[in-house]
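Following: one structure in structure tokens, then a few remarks.
The values are calculated or read from the model by the stated rules, or taken from the named source; none is laboratory data. All figures in this text were calculated on a predicted structure; none of them were measured in a lab. Cβ: placed from backbone, ideal geometry, glycine included. Neighbour counts: every protein chain shown.
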């Protein structure tokens, strides 16, 4: 007697512009999410071409569909060209999904109009990530930009309300989506995970020796892309009156970006060239991990714009994972992950007075710095551990596989 055949597995499409290796560098748990998801459904992943095959391509139940073009993530012109090309390529993905009648399409990025375009072409349900508000990062506040902001928000609002679901990184983003008319049952919050495989506490004395720091040195570290929304101009302004009080205090900035030359000129003009060190990109992740462990304070800056409240910076996640004493801007998304007085000290990004007060507490109280280090390490280990966040992410994706279309 023949055994009954197993029912065919459901299939989902996942899509992201950058190749999997770049995607993994930006969100290190995504391959684990696909691997775990593929135990239940077939996963068809679309992206630009990888330079070398990713190990995930050998996993059962995961099928890679790569376009012939590659993309250089750190090359602004190439990145923008490939972002524009992603729209017509996404239509091709949508048509493939229509022909194969996949359960739904998951877009793992926040680009205005893209989910709606894919939804219209595919006729299939769409789920998207909403980690930030794409247009808010790049548009100014002149009259033309303000008009564009209103139009983009209206388009985003219409799109969000017609999706099967949205995955956000913060409760703040979920509250915003609900305020725009998205049903709360269609939004799942999956926090960013700490990259504990790469960033972790180590012997601080050894780390400080590696960076040539004496016991009496006080070093504030900021790391990341030097973009205007990081608000580092204000950080230099805030720090100028503090430096004379602490002769061994230094600010080390690891990273590069469009604002670097401006910041270097600003520091030189303020007479701070001997106090502020621009390090550029460090050679590897191990060097950054050692630097964060050597730091007395890790500084997390943001301008405090509209969409800044919805994000969690990689700077914060790395600092939590390393068990740093963190001084961070008080924004909604950051406050969800760095508890004031427990795993960091927070300040209003527009208040130099509060910045000074919190910074001097840290500089003058080694015991406070140690307590915050311990609190940061606990948050990374218990709340933002990769295994926990991977499980939350997969549960959200499987939840939407059983979902129903929005009636909005």
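Give me a count of the residues in the stretch 28-50 that are over 26 Å from residue 314 (Cα atoms) and touching a strand residue (DSSP E or B) at 6+ places or on another chain (Cβ under 9 Å).
5
Which ranges mark the helices (runs of 4 or more DSSP H) fully within the stretch 305-408 that have 1 or more residues being in contact with a strand residue (DSSP E or B) (Cβ under 6 Å, 6 or more places away or on another chain) and outside the structural domain of residue 292 (by TED's automatic domain parsing)?
Once the helices (runs of 4 or more DSSP H) in the stretch 305-408 are filtered for at least 1 residues that are in contact with a strand residue (DSSP E or B) (Cβ under 6 Å, 6 or more places away or on another chain) and outside the structural domain of residue 292 (by TED's automatic domain parsing), what remains is 386-401.
Could you figure out which of (1) at pLDDT 95 or above; (2) buried (at least 20 other Cβ atoms within 10 Å of the Cβ); (3) outside any helix (DSSP H, G or I) isn't true of residue 174?
Answer for residue 174: the failing condition is (3).
All but one of (1) in a helix (DSSP H, G or I); (2) touching a strand residue (DSSP E or B) at 6+ places or on another chain (Cβ under 9 Å); (3) surrounded by fewer than 17 Cβ atoms within 10 Å (Cβ to Cβ) hold for residue 53; which doesn't?
Among (1) in a helix (DSSP H, G or I); (2) touching a strand residue (DSSP E or B) at 6+ places or on another chain (Cβ under 9 Å); (3) surrounded by fewer than 17 Cβ atoms within 10 Å (Cβ to Cβ), the lone unmet condition for residue 53 is (1).
Hey, among the residues in the stretch 103-124 that are in contact with a helix residue (DSSP H, G or I) (Cβ under 6 Å, 6 or more places away or on another chain), part of a loop (DSSP other than H, G, I, E, B) and crowded, with 19+ Cβ neighbours inside 10 Å, which one's modelled with the lowest pLDDT?
110
Which numbered condition in (1) under 22 Å from residue 227 (Cα atoms); (2) under 15 Å from the mean Cα position of the chain (by Cα); (3) buried (at least 18 other Cβ atoms within 10 Å of the Cβ) is the only one that residue 355 fails?
Exception for residue 355: condition (2).
Select, from 317, 299, 282, the only residue that is closer than 18 Å to residue 171 by Cβ and modelled with pLDDT of 95 or more.
317
Could you give every pair whose Cβ atoms fall below 7 Å, whose first residue belongs to the stretch 68-90 and is in the same structural domain as residue 47 (by TED's automatic domain parsing), and whose second residue is assigned to a loop (DSSP other than H, G, I, E, B) and surrounded by fewer than 11 Cβ atoms within 10 Å (Cβ to Cβ), counting only separations of at least 6 or pairs across chains?
Pairs found: 70/51.
Of all residues in the stretch 291-304, how many are within 12 Å of residue 210 (Cα to Cα) and part of a strand (DSSP E or B)?
Residues meeting the conditions: 0.
Rundown of residues vs (1) within 18 Å of the chain's Cα centre (by Cα); (2) surrounded by 23 or more Cβ atoms within 10 Å (Cβ to Cβ), yes/no style:
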position: 337; (1), (2): yes, yes
position: 343; (1), (2): no, yes
position: 347; (1), (2): no, no
position: 359; (1), (2): no, no
position: 364; (1), (2): no, no
position: 377; (1), (2): no, no
position: 385; (1), (2): yes, no
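What strands (runs of 3 or more DSSP E) completely inside the stretch 213-290 contain at least 2 residues that are under 21 Å from residue 369 (Cβ atoms) and touching a residue at least 60 places away in the same chain (Cβ under 8 Å)?
Result: 218-223.
Using the structure shown, decide if residue 372 is touching a helix residue (DSSP H, G or I) at 6+ places or on another chain (Cβ under 9 Å) and under 17 Å from residue 219 (Cβ atoms).
Yes, satisfied.
Within the stretch 62-102, how many residues turn out to be more than 30 Å from residue 226 (Cα to Cα) and not in a strand (DSSP E or B)?
Going through the stretch 62-102 one residue at a time, the tally reaches 17.
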